[in-house]
Amino acid sequence: MTGAGEPVIGADGSMREPGWDATSPYRRDHRDGALLVVGDVVTDVVAQYRGPLASGTDTAAAVRTVPGGAGANVACWAAHWGCAQVRLLGRVGADAAAWHERELTASGVRPHLVVDPAAPTGTVICLVDTGASAERTFLTDSGAALRLDPGDWSPSLLDGVAWLHLSGYLFFSESCRALVAVALESARARGVPVSVDPASAGFLTELGVDRFLALAEGIDVLLPSRDEACLLTGLPDPADAAAKLSRHAPLVVVKQGGAGALVAESGTVRDLVPATPAAPVDTTGAGDAFTGAFLAALLSGSRPGEAAAEGCRAGALAVERVGGRPHRETS
């Protein structure tokens, strides 16, 4: 945690935090390279209601259809947070390919969308309680989103790329896991650092903790939620979980929603970052917003604690609007 050790004086006379390693991939300024996100692109149908749901009859709700998907959301938030070059590899159905491409492009993301010949675009029904917590429940039809496969990958996708981010949803289908293996091999061959957001505690349970950690072996940054971190370690305390996970990945950032974020390195929690105050309307995509802003800040040269603070700011913005994407200025 901050203050746990004395600052270190570097050879150049600069003040460095304990554990500073100038050779670590996440300690470098990557602003001249692109961020490549590989992940899910889906259509979100958001239904805002005030509970409880009336079983067997009608419940009044405000319903909107918006672009979503954890991978796509991360890419859009990274672009919104100042990352100049953001690319996205995903798979969609022909039914909504043109719409998603337009939405991503308008958000500053360069899309590489594979059109699936057999499956429709993934769809998620987001049930959002408009009470104080604005908590949400997802009903997920992954459709084309989890049908990415190694044939959709090319090492040329890493041309000009400084960082690769993998959505955790890629770990939850056989074809996507095969793509992850190929993408990680390509990234390692080029020295491109890799981050992963585990994405779903429910799907992690189905996949198995040991299997996920084995598949994610060798990544540079892990960005779990509090529940995911505790699930991955079997530890009830998120700080203990963060510390333990940082023995698997060099840098671990645990997203805690209203409790802020924990930053751990080399088995030690080094920063406890407070949350940015917010009035929640819809918590969909808050973790994606955090991840996108965190990566944008990290790639610009910010230290992990500083980047996590940017992530908290983005998460606060995300929960105050409907949908998982940043709002765009309209003329």
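Any residue at all in the stretch 121-141 that is buried (at least 19 other Cβ atoms within 10 Å of the Cβ), of a type in the set (S, T, N, Q), farther than 27 Å from residue 299 by Cβ and in contact with a strand residue (DSSP E or B) (Cβ under 9 Å, 6 or more places away or on another chain)?
Yes, the conditions are met somewhere in the stretch 121-141.
Can you give me the ranges of the helices (runs of 4 or more DSSP H) entirely in the stretch 203-298 with at least 1 residues that are buried (at least 24 other Cβ atoms within 10 Å of the Cβ) and among the hydrophobic types (A, V, I, L, M, F, W, C)? Even if it seems obvious, please write down each step before you answer.
Working: elements: 209-215, 226-233, 238-245.
Ranges flagged: 226-233, 238-245.
Can you give me the number of residues within the stretch 35-59 that are under 30 Å from residue 170 (Cβ atoms) and not in a strand (DSSP E or B)?
3
Residue-wise test of (1) closer than 30 Å to residue 309 by Cβ; (2) not in a loop (DSSP other than H, G, I, E, B).
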residue: 83; (1), (2): yes, no
residue: 87; (1), (2): yes, yes
residue: 92; (1), (2): no, yes
residue: 102; (1), (2): no, yes
residue: 112; (1), (2): no, yes
residue: 119; (1), (2): no, no
residue: 128; (1), (2): yes, yes
residue: 137; (1), (2): yes, yes
residue: 140; (1), (2): no, yes
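Across the stretch 147-179, what is the number of residues that are open to solvent by 20 Å² or more (accessible area, probe 1.4 Å), in contact (Cβ under 8 Å) with a residue 60 or more places away in the chain, part of a helix (DSSP H, G or I) and not acidic (Asp, Glu)?
2
Please give the number of the condition residue 144 fails out of (1) in contact (Cβ under 8 Å) with a residue 12 or more places away in the chain; (2) assigned to a strand (DSSP E or B).
(2)
Consider the stretch 299-309. How many of its residues are crowded, with 24+ Cβ neighbours inside 10 Å and either under 15 Å from residue 81 (Cβ atoms) or at pLDDT below 95 (or both)?
Result for the stretch 299-309: 3.
Does the stretch 65-75 contain any residue that is out of contact with any His (no Cβ under 7 Å at 6 or more places or on another chain), closer than 19 Å to residue 120 by Cα, open to solvent by 10 Å² or more (accessible area, probe 1.4 Å) and not aliphatic (A, V, I, L, M)?
Yes, the stretch 65-75 contains a residue that is out of contact with any His (no Cβ under 7 Å at 6 or more places or on another chain), closer than 19 Å to residue 120 by Cα, open to solvent by 10 Å² or more (accessible area, probe 1.4 Å) and not aliphatic (A, V, I, L, M).
Search the stretch 299-315 for residues being touching a residue at least 24 places away in the same chain (Cβ under 8 Å) and in a loop (DSSP other than H, G, I, E, B), and hand back the single one that is nearest to residue 43 (Cα to Cα).
300
When you check residue 242 against the structure, is it of a type in the set (A, V, I, L, M, F, W, C) and within 23 Å of residue 111 (Cβ to Cβ), yes or no? Can you show your working first?
Values: of a type in the set (A, V, I, L, M, F, W, C): yes; within 23 Å of residue 111 (Cβ to Cβ): no.
Against the criterion (of a type in the set (A, V, I, L, M, F, W, C) and within 23 Å of residue 111 (Cβ to Cβ)), residue 242 does not qualify.
Within the stretch 316-323, is there a residue that is in a helix (DSSP H, G or I), open to solvent by less than 10 Å² (accessible area, probe 1.4 Å) and not aliphatic (A, V, I, L, M)?
So far as the stretch 316-323 goes, no, none of its residues is in a helix (DSSP H, G or I), open to solvent by less than 10 Å² (accessible area, probe 1.4 Å) and not aliphatic (A, V, I, L, M).
Would you point out the residue of the stretch 287-303, among those that are of a type in the set (Gly, Ala, Ser) and under 8 Å from the mean Cα position of the chain (by Cα), that is nearest to residue 165 (Cα to Cα)?
292
The values are calculated or read from the model by the stated rules, or taken from the named source; none is laboratory data. Worth saying up front: this structure is predicted, and the values here are computed from it rather than measured. Cβ: placed from backbone, ideal geometry, glycine included. Neighbour counts: every protein chain shown. Side chains included, ligands, DNA and RNA excluded: accessible areas come from the protein's heavy atoms. Shrake-Rupley method; radii C 1.70, N 1.55, O 1.52, S 1.80 Å.
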